[in-house]
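Working notes, structure below.
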Amino acid sequence: MIKNQVAINIVGFLLVLTSILDSLKYEIQTQKMLKAKSSKNISRRFINWALLNDLVKLAYGVVIFDIYIVLTSCLSLITMCHFWYVQYLFYPYIKRGLINFRRPSIWKYFVNSLQRNSKRKRL
């Protein structure tokens with residue numbers, strides 16, 4: 001019983017450690033967007049699927065009461081939400097630079113990002 005708990009703690013610690021590295025990749029992409037002041041070549045579908053994955057993982061961790069899964073999901077969600085917001089700020093809107101440019105609402109941008117390219121309207 002004690003050996004099993006030690007193994008669980010070791011693997012849980014490794015899960016948290018690798019989750020930090022996973023979150024770091026989103027932070028690196030965020031810094032690249034901030035430096036370039038553009039999110040032109042960044043896939044919105046990619047970040048939406050990653051967010052969905054971590055939301056489900058967080059819900060699963062809460063249901064089974066696993067602190068390691070909850071911690072890793074929260075850490076990833078924080079960095080992914082920051083990534084998503086910076087992507088929203090620097091998205092290449094069609095009217096950017098015009099005098100009457102107004103960025104669409106976050107909700108409109110979110111719904112637009114969920115639609116296929118052939119169906120969505122260009123923001």
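Here the chain is assigned +1 on the Cβ of each Lys and Arg and -1 on the Cβ of each Asp and Glu. Its dipole about the Cα centre then comes out at about 1180 debye. Straight-line cross-link partners of K95 among the lysines, defined as a Cα under 21 Å from its Cα and at least 8 positions apart when in the same chain: K37, K40, K108, K119, K121. If you average 1/r across every pair of different Cα atoms in the stretch 2-114 and take the reciprocal, what Kirkwood value do you get, in Å? After inverting the pairwise mean of 1/r, the radius is 15.8 Å. If you take all other residues with their beta carbon under 12 Å from the beta carbon of C81, and give Lys and Arg +1 and Asp and Glu -1, the sum is -2. Using a cutoff of 8 angstrom between alpha carbon atoms and counting only pairs six or more residues apart, the relative contact order for the stretch 2-114 works out to 37 percent.
Between the residues I2, L98, I28, the greatest Cα displacement towards the positive end of the dipole of the stretch 2-114, with unit charges on the Cβ of Lys, Arg, Asp and Glu, is found for L98.
Read-outs throughout are calculated quantities, based only on the coordinates presented, and are distinct from any laboratory measurement. This one's a predicted model, so the numbers in the text were calculated from it and none came from an experiment. Using ideal geometry, Cβ is built from the backbone for each residue, glycine included, and neighbour counts are taken over all protein chains shown.
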